[in-house]
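In what follows, a single structure is set out as structure tokens and then discussed.
The values are calculated or read from the model by the stated rules, or taken from the named source; none is laboratory data. Since this is a predicted model, take the numbers as computed values, not measurements. Note that we place each Cβ from the backbone using ideal geometry, even for glycine, and neighbour counts take in every protein chain shown. With ligands, DNA and RNA removed, areas are computed over all heavy atoms of the protein, side chains included. Shrake-Rupley method; radii C 1.70, N 1.55, O 1.52, S 1.80 Å.
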Amino acid sequence: MPKNNFSSIYLAWTAFQRRQESMRELVDFECWFYPVPKSGKLGKVLSYVSLFIWSIRELLRASPDTVWVQVPQVPALWSALAYKALAKKPVQVIADCHNAQLRPPWSRFPLALWALKQTDAILVHNEAMLEKTKQLGWPVEKVVVVEDVPAAGRNHQPSGLAAMHINAPKPWILFPGSFAADEPIKEIFQAARLAPEITFIVSGRSERAEKNGHDINNLPTNVVLPGFLSLDIFDDLLCEVDVVMGLTKEEGIQLSVCNEALGFDKPLVTSNTKILRKLFGQAAVLVDSSDPKSIVDGCRWALANSNEMTSKSKMLAAERLDFWRRNDLHALRNLVGSSVREKVSGNVK
């Protein structure tokens, strides 16, 4: 049950998202994660109705001055706006729009544009998405770019949980995925066949694979699919792996895993797209996601130069954190005022 009397709450109808958890270390808000249960269309509608009512009730009980909302889900934003209308005080609503909100079906979701226009601020994750908001007719005067910040991970110590779930020889290369359509799952499997000396761990909900065109039958023997991992196991896995991969086949996607790699001081291998090259190129090995040999070569290079890559991750994490505080957070506060408060104790060392 959520606690009362938080001045700022981040509401997300999802099981977990690293973005706001990392931001929480720097900004004074409390995270509420509540996933939409998996079910058929009718069941999902009923779940939306239930979560909508529940969210309004709990927001009224907690009475925050500012509500951040992860979008999608769009109905979660409706609930925050309903709370704003019902609250007996001024309330600010900030819509944190992930890239999916700027693509169908979410960009065409009923009342999505109307809801965004009612907010006090709209966050997008990179400059490419900022340009797209103009094409979609969003109120650009309310839009500000707030990139991901490095995960607050370097204070974590290995606990042994990951080793209990991953029974495979090292070195370990982790691809934290979701089996989404933009992920080069086939290419990763082909890369694994070219590098039998490496264990490739592809986490995420493999039950989504078939729907998005991924064949996970006849896996290479050095590929492990542990499924969706709880946060404590996943964080321990990030402590234990030798290299982290963040790969996509699409431009404009800012992968949160890249900031997880930086935050946990891990060598990073990522796609050579414009946005990822700009954000992480100085610390990452850049590869062609459509070419299994390029993926393998990048992984082997990262393993062979682990100390150098770890040092680069640490340096870029510090630089990105400082930039985020001075630019992204400053721009947001200019838009909505002092209601967005920086944590006095929040830091990523």
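Overview of results
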| quantity | calculated |
| --- | --- |
| Accessible area in square angstrom per residue, segment 191-349, 1.4 angstrom probe | 46 |
| Charge tally in the Cβ shell below 14 Å around PHE234, where Lys, Arg are +1 and Asp, Glu are -1, PHE234 excluded | -3 |
| Accessible carbon and sulfur surface of the chain relative to its total accessible area, %, 1.4 Å | 52 |
| Listed residue (ASN217, VAL241, LEU276) projecting farthest to the positive dipole end of segment 188-305, Cβ model | LEU276 |
| Total lysine pairs whose alpha carbons fall under 26 Å of each other in segment 1-102 (8 or more apart, or interchain) | 4 |
| The chain: angle of helix 306-323 to the longest principal axis, Cα-based, in degrees nearest 10 | 10 |
| GluC sites (Glu not before Pro) within segment 162-247: DSSP coil, no more than 13 neighbouring Cβ in 10 Å | GLU197 |
| Amide H within-cut-off set for GLU30, under 5 Å, with H built and near neighbours excluded | SER8, ILE9, TYR10 |
| Under 29 Å from the Cα of LYS293 - lysines, other chains or at least 8 residues apart | LYS170, LYS186, LYS211, LYS249, LYS266, LYS274, LYS278, LYS312, LYS314 |
| Share antiparallel - DSSP beta bridges, the chain, percent rounded to 5 | 5 |
| For the chain: relative contact order, % (alpha-carbon pairs under 8 angstrom, 6 or more apart) | 16 |
| Candidate values [x] 1.58; [y] 1.11; [z] 0.99, label of the one derived for Cα Rg over 2.2 N^0.38 Å | [z] |
| Net charge of Cβ neighbours under 15 Å - reference ALA195; Lys, Arg +1; Asp, Glu -1 | -1 |
| Folded to 0 to 90 degrees: helix 292-304 orientation relative to the chain principal axis, Cα | 80 |
| Local electrostatic count, PRO72, Cβ distance below 11 Å [Lys/Arg +1, Asp/Glu -1] | 0 |
| Magnitude of the charge dipole, the chain, Cβ model with Lys/Arg +1 and Asp/Glu -1, debye to 20 | 1020 |
| Crossing angle, helix 185-194 versus the chain [Cα axis fit, 0-90 degrees, rounded to tens] | 20 |
